Amino acid sequence: MTTLHPIREADTDSLEQMLSMLLDGAVETLDVSPDLYDTAVDRYKEVGTWLGLHASPDYTIYPQGSFLLGTVVRPQTPTGEYDIDLVCRIPLHKTSTTQDQLKQRVGNQLITYRRWKQDQGHTDGPVSLESRRRCWTLGYPGFHLDVLPAIPDDEHQPHGILLTDKNLHEWQHGNPTGYADWFATRSELSHSLLEKRASIADVPVWHIRSTLQRLVQVLKWHCMTYFADDTDNRPPSILLTTLAGRAYRGEDDLFTALRNVLAVMPAFIEQHNGQWRVANPAHEEENFTDKWNEYPERRHAFNTWFGELTATMDNLSRMHSEGLDAVYSRLTKSFAPGPLQHSFTRYANRMKKTATQQRMSATGLLSTTTAGPRRRPQTFHG
């Protein structure tokens, strides 16, 4: 590993810029690649089209969760398969069906779809189909699609839905479209995001990650690492996303945004009549900390994780007199080292290239106008 000199503002990035680029580059490697994104979209669109033609034109399939929000992080599992959540919405009233009937209705159609793909000799169909607690899972190389059967929630129109859960008697409420709209509004507090999208018209919007999207990916990545051996107590990603979205104030620098968000996140965790509550901003009746009231150890686990991450960020913020190696070493004590190694190597090479250009400029071999000003590279998806 190449040892670099301590950070000096005169000849290199600030500490905040360095940390932002290291974290940004790391989570970029965990993001879904453009090719896999396109493949996943093609697959679920085909499923939706098939259901519309063979079941009913009223069947609709659309993404929800991290795939819709642009906050996907590759799971730290042996297969490393991306988990993509989809809603299969059927326009039925809840009095005309039960959760079991709806779940099986969608399942039967997916079974028929998979059989049709096989009978046609298509090699791009799902390699597996499995019934799970709330969904049907279609398996593909590198990812799987979790299809959640749903019906409209007449009391929360236009986007509210009711979801099935074989372990619960009551229908589960959701509003993934409304939540995505709220999250997009929070993301667009960043002026740099709007500037990036305006200046790169030929790049799809989902290629360009906002500071808030990257921030959420950092939180999810650290949480996955921290709870690698205790997944039962790992906070749900929707809770992290909601708290981050509420706390974000439009900062452009990733590290600065992360520290500021961590400083105020606890203020958005409420307690009413002894019950912990973080409401869904798109559906106030849904509580993302309902399990804390049933399993207090999950709240304690969240607080322990939160304290560890906050302490890590505070320690990093005081490393102004340290070099890149020391900063990298401190990061690897809290985050999975693999993605950081990739980001570190790329950043170190960039710094060496900049130093070389500066030395050449000083000897007159290369002018400063040829080298040009150093700019933070655009962050593209994948």
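The listed residues are Lys103, Lys94, and the only one of them that is modelled with pLDDT of 95 or more, in contact with a strand residue (DSSP E or B) (Cβ under 7 Å, 6 or more places away or on another chain) and among the basic types (Lys, Arg) turns out to be Lys103.
Close Cβ contacts (under 9 Å, 6 or more residues apart or on different chains) running from residues in the range 67-80 that are on the phi > 0 side of the Ramachandran plot and touching a residue at least 40 places away in the same chain (Cβ under 8 Å) to residues that are in a loop (DSSP other than H, G, I, E, B) and hydroxyl-bearing (Ser, Thr, Tyr) comprise Gly70/Ser210.
Does Asp146 meet the test of being in the same structural domain as Lys103 (by TED's automatic domain parsing), under 12 Å from Gly65 (Cα atoms) and of a type outside the set (S, T, N, Q)?
On the way: in the same structural domain as Lys103 (by TED's automatic domain parsing): yes; under 12 Å from Gly65 (Cα atoms): yes; of a type outside the set (S, T, N, Q): yes.
Yes: the conditions hold for Asp146.
Give me the residue from the range 39-74 that is exposed (fewer than 14 other Cβ atoms within 10 Å of the Cβ) and either hydroxyl-bearing (Ser, Thr, Tyr) or under 17 Å from the mean Cα position of the chain (by Cα) (or both) and, out of that set, farthest from Asp181 (Cα to Cα).
Within the range 39-74, the subset exposed (fewer than 14 other Cβ atoms within 10 Å of the Cβ) is 42, 45, 49, 53-54, 56-58.
Still in the running and either hydroxyl-bearing (Ser, Thr, Tyr) or under 17 Å from the mean Cα position of the chain (by Cα) (or both): 49, 56.
Numbers: Thr49: 25, Ser56: 28 Å.
Ranking the qualifying residues of the range 39-74, first place goes to Ser56.
On the given criteria, is Asn287 more than 30 Å from Leu340 (Cα to Cα), in the same structural domain as Leu243 (by TED's automatic domain parsing) and surrounded by 13 or more Cβ atoms within 10 Å (Cβ to Cβ)? In short, yes.
Residue-wise test of (1) of a type in the set (Ser, Thr, Tyr); (2) free of Cβ contacts under 8 Å to residues at least 40 places away in the same chain; (3) in the same structural domain as Tyr140 (by TED's automatic domain parsing); (4) touching an Asp or Glu at 6+ places or on another chain (Cβ under 9 Å).
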| residue | (1), (2), (3), (4) |
| --- | --- |
| Val41 | no, yes, yes, no |
| Thr49 | yes, yes, yes, no |
| Ala55 | no, no, yes, no |
| Asp58 | no, yes, yes, no |
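Residues in the range 52-73 that are within 21 Å of Gln109 (Cβ to Cβ) and either part of a loop (DSSP other than H, G, I, E, B) or among the basic types (Lys, Arg) (or both): 5 in all. Please determine whether any residue of the range 271-280 is surrounded by fewer than 20 Cβ atoms within 10 Å (Cβ to Cβ), among the small types (Gly, Ala, Ser), on the phi > 0 side of the Ramachandran plot and out of contact with any Ser or Thr (no Cβ under 9 Å at 6 or more places or on another chain). Checked the range 271-280: at least one residue is surrounded by fewer than 20 Cβ atoms within 10 Å (Cβ to Cβ), among the small types (Gly, Ala, Ser), on the phi > 0 side of the Ramachandran plot and out of contact with any Ser or Thr (no Cβ under 9 Å at 6 or more places or on another chain). In the range 219-335, counting only strands (runs of 3 or more DSSP E) that sit wholly within it, the ones holding 3 or more residues that are farther than 28 Å from Asp13 by Cβ and either out of contact with any Lys or Arg (no Cβ under 6 Å at 6 or more places or on another chain) or of a type in the set (A, V, I, L, M) (or both) span 275-277, 283-287.
The values are calculated or read from the model by the stated rules, or taken from the named source; none is laboratory data. None of the values given here were measured: they were computed from a predicted structure. Reconstructed Cβ throughout: ideal geometry from the backbone, glycine too, with neighbour counts over all protein chains shown.
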